[in-house]
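Okay, so here's the structure we're looking at.
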Amino acid sequence: MKPLGLTMKNSRNKYRLEARGELMLVHECIECKSLSINRIAADDDSDSIMDVFNESLLNGYQIHARSEANGIVLLNAEDIEIVHIQLFGQITEIPANLL
């Protein structure tokens, strides 16, 4: 499985203030090219997950279009603050090297 990007799992809690839920990894099977969504484990490296997100931004339209065709909405550049907060906790400013 090869990580392609990140998406959000919608929360089932209707009383939750934010509309978004859990941060999830989108993987592609190397053999059959099918896409799957997997939870991020507590021991996954946050910096590596951020690298996957940044790489998905560089790969652009093709991966995003293919994901959406499979019912998966990949996060994009406008979601960087959400990704950073989910991975590293509440922040006051996003480091310049992540923008």
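Every number here is computed from the coordinates shown, using simple stated rules; none is lab data. As the structure is a computational prediction, the values presented were derived from the model and not from experiment. Heads up, the Cβs are rebuilt from the backbone with ideal geometry, glycines too, and the neighbour counts pull from every protein chain shown.
Can you tell me how many residues in region 56-78 are in a helix (DSSP H, G or I) and either among the hydrophobic types (A, V, I, L, M, F, W, C) or in contact (Cβ under 8 Å) with a residue 12 or more places away in the chain (or both)? Residues in region 56-78 being in a helix (DSSP H, G or I) and either among the hydrophobic types (A, V, I, L, M, F, W, C) or in contact (Cβ under 8 Å) with a residue 12 or more places away in the chain (or both): 11 in total.
The C-beta contact set for region 29-51 (first residue in contact (Cβ under 8 Å) with a residue 12 or more places away in the chain, second residue assigned to a strand (DSSP E or B) and basic (Lys, Arg), distance under 7 angstrom, 6+ apart or interchain) comprises Ile30/Lys2. Filtered by the rule that a residue be touching a Gly at 6+ places or on another chain (Cβ under 8 Å) and either of a type in the set (Ser, Thr, Tyr) or surrounded by fewer than 19 Cβ atoms within 10 Å (Cβ to Cβ) (or both), region 60-85 gives a lone residue, Ser67.
Residues in region 18-28 that are within 16 Å of Ile82 (Cα to Cα) and either touching a residue at least 12 places away in the same chain (Cβ under 8 Å) or under 13 Å from the mean Cα position of the chain (by Cα) (or both) were compared, and the one that is surrounded by the fewest Cβ atoms within 10 Å (Cβ to Cβ) is Glu22.
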